[in-house]
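A.B. asks: Sharing a structure with you now.
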Amino acid sequence: MTESTLSRRDFVGRSAVAGLTAASYGRVAGAGGRVRVANIGCGRRGLLRELIQIKDSANLEIAAVCDTWKQKREKAAFDVKEMTGVDAKQVELYAEVLEDKSIDVVIIGTPDHQHCTMLIDAIRAGKDVYVEKPLAMNMRELIRAYDTVKRSDRVVQVGTQMRSYPQSAGARQMITSGGLGRILKVEQVRNGYSPYWMSYGGPAFAGQQPAEQDVNWKAFLMNQKARPFDASMYQNWYGYRDFSRGPHTNLMVHFIDLVHFVTGTTFPQRAVAMGGTYRWKGSYDAPDSVEVVFEYPEGFLVRYCTVFGNGAGNYAKWFGTRGTLDAKNLSSREHWMASGQGSGEPDKLTAEIQVPENQPAHHMQNFFDCVRSRQAPIAPIEAGYAHSVAVIMADEALVSGRRMVYDHPRREVRAG
């Protein structure tokens, strides 16, 4: 059965992984059960730090670090040695990592335009994969990546870690059980003074522009058009649409994936968007302000807004017929509260209720648990496919100025 013939329920319910092959089991069970890992992309996202934090509980060895920036490779290898005692191999090109048959797992934290290509290549090389979000920047590469994973027996976790917040499962239980009544709208406003892409080399590299001789510019560009080396474009790639579309495809992806997780929905049916660069004009071509509205087939709206230039007014809320859930700007460090605020229904909530919290496994730990058990992780490839559909719809609506629809049987985003 191909993905295009799946019903909505089938899409949500099917496991992202298949059985464990003998060869796979031999690798994971070998060396006292230790999993050998390579981190591809050692930037500010901090995936290497997460690996170091869980190395004992996950029984893993960080065997290689890979980055196209020489200083980042060296810093990553130094951190691994200092914190784990292991001399991690320094690798410039990710293909060399995939050729190493002793590597069981790869952690991909590279620029957005590289995610699908690296995921496909890693799956074909027989690796289990943790890949950062957004999974894809267009439908063509998304479909190829999804189908490649589904044809394999590999475990794939997508880095939308809000699913693993202490409040997320409780919010899901509250909303799917009718605690807020019928959901009418979900909103997030996520503003900031300056865009996140400025000096995205990370704290250790702030103010230190990369030198051309220290980076592999061609490998960074990958499948994008050739052009002369540009230090700002390399270091602050998040601000350039060839490598990342903007806040609606990068910040919003966390929110929209959580909406899918909490409500149980999968795909928007329609999307509109507006935005532009209003404050931070310059060489960057990613918008600094966006406003996106989705309509879901279950009968509710989802709104997302980012403005860079003023950081006030942030919030995240679910609005239902029985009341409102205040998710405190989706902070994992605050209690999310539900109340009857705004409802005039006879069965509205009469007291403020704290959303139940638990202590789920760390998102990265959940992935390694599933590498061993061969179960579907909390953010499987289906989740990555669904959040990518939403952000692709939003971006195409923004660029075209038209309302976009998603045709699930045809796996197509188009104007409509």
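The values are calculated or read from the model by the stated rules, or taken from the named source; none is laboratory data. The model shown is predicted, which means the values in this text are computed figures rather than measured ones. Positions of Cβ are generated from backbone atoms using ideal geometry, with glycine treated the same way; all protein chains shown enter the neighbour counts.
A.B. asks: Any idea how many residues of the stretch 209-235 are within 22 Å of the chain's Cα centre (by Cα) and more than 16 Å from Gln71 (Cβ to Cβ)?
C.D. replies: So the answer is 5.
A.B. asks: Has the stretch 293-307 got any residue that is under 21 Å from the mean Cα position of the chain (by Cα), of a type in the set (D, E, K, R) and crowded, with 17+ Cβ neighbours inside 10 Å?
C.D. replies: The answer is no, given that none of the residues of the stretch 293-307 is under 21 Å from the mean Cα position of the chain (by Cα), of a type in the set (D, E, K, R) and crowded, with 17+ Cβ neighbours inside 10 Å.
A.B. asks: In the stretch 389-416, what count of residues is obtained for those that are of a type in the set (Ser, Thr, Tyr) and touching an Asp or Glu at 6+ places or on another chain (Cβ under 9 Å)?
C.D. replies: 1
A.B. asks: Now, a different point. How do the helices (runs of 4 or more DSSP H) wholly within the stretch 180-292 filter down when requiring 2 or more residues that are under 29 Å from Lys72 (Cα atoms) and polar (S, T, N, Q): which remain?
C.D. replies: Where helices (runs of 4 or more DSSP H) fall fully within the stretch 180-292 and carry at least 2 residues being under 29 Å from Lys72 (Cα atoms) and polar (S, T, N, Q), they are 231-235, 247-250.
A.B. asks: A follow-up question, please. Just checking, how many residues over the stretch 234-249 are polar (S, T, N, Q) and either over 24 Å from Gln114 (Cα atoms) or at pLDDT 95 or above (or both)?
C.D. replies: The total comes to 2.
A.B. asks: Taking the condition of being touching a Lys or Arg at 6+ places or on another chain (Cβ under 8 Å) and among the hydrophobic types (A, V, I, L, M, F, W, C), how many residues in the stretch 123-149 meet it?
C.D. replies: 5
A.B. asks: If you take the residues in the stretch 158-194 that are small (Gly, Ala, Ser) and buried (at least 23 other Cβ atoms within 10 Å of the Cβ), which one is nearest to Leu119 (Cα to Cα)?
C.D. replies: Gly159
A.B. asks: Take the residues of the stretch 240-281 that are among the aliphatic types (A, V, I, L, M), crowded, with 22+ Cβ neighbours inside 10 Å and touching a strand residue (DSSP E or B) at 6+ places or on another chain (Cβ under 6 Å): which is nearest to His408 (Cα to Cα)?
C.D. replies: Ala271
A.B. asks: Could I ask something else about it? Are there any pairs with C-beta distances below 6 angstrom linking a residue in the stretch 350-362 that is closer than 15 Å to Ile175 by Cβ to a residue that is assigned to a strand (DSSP E or B), with the two at least 6 apart or on different chains, and if so which?
C.D. replies: Matching pairs, first to second residue: Ile353/Ala338; Gln354/Met337.
A.B. asks: Would you check which residues across the stretch 207-258 are among the polar types (S, T, N, Q) and either free of Cβ contacts under 8 Å to residues at least 12 places away in the same chain or over 29 Å from Cys305 (Cα atoms) (or both) and list them?
C.D. replies: Gln208, Gln209, Gln213, Asn216, Asn223
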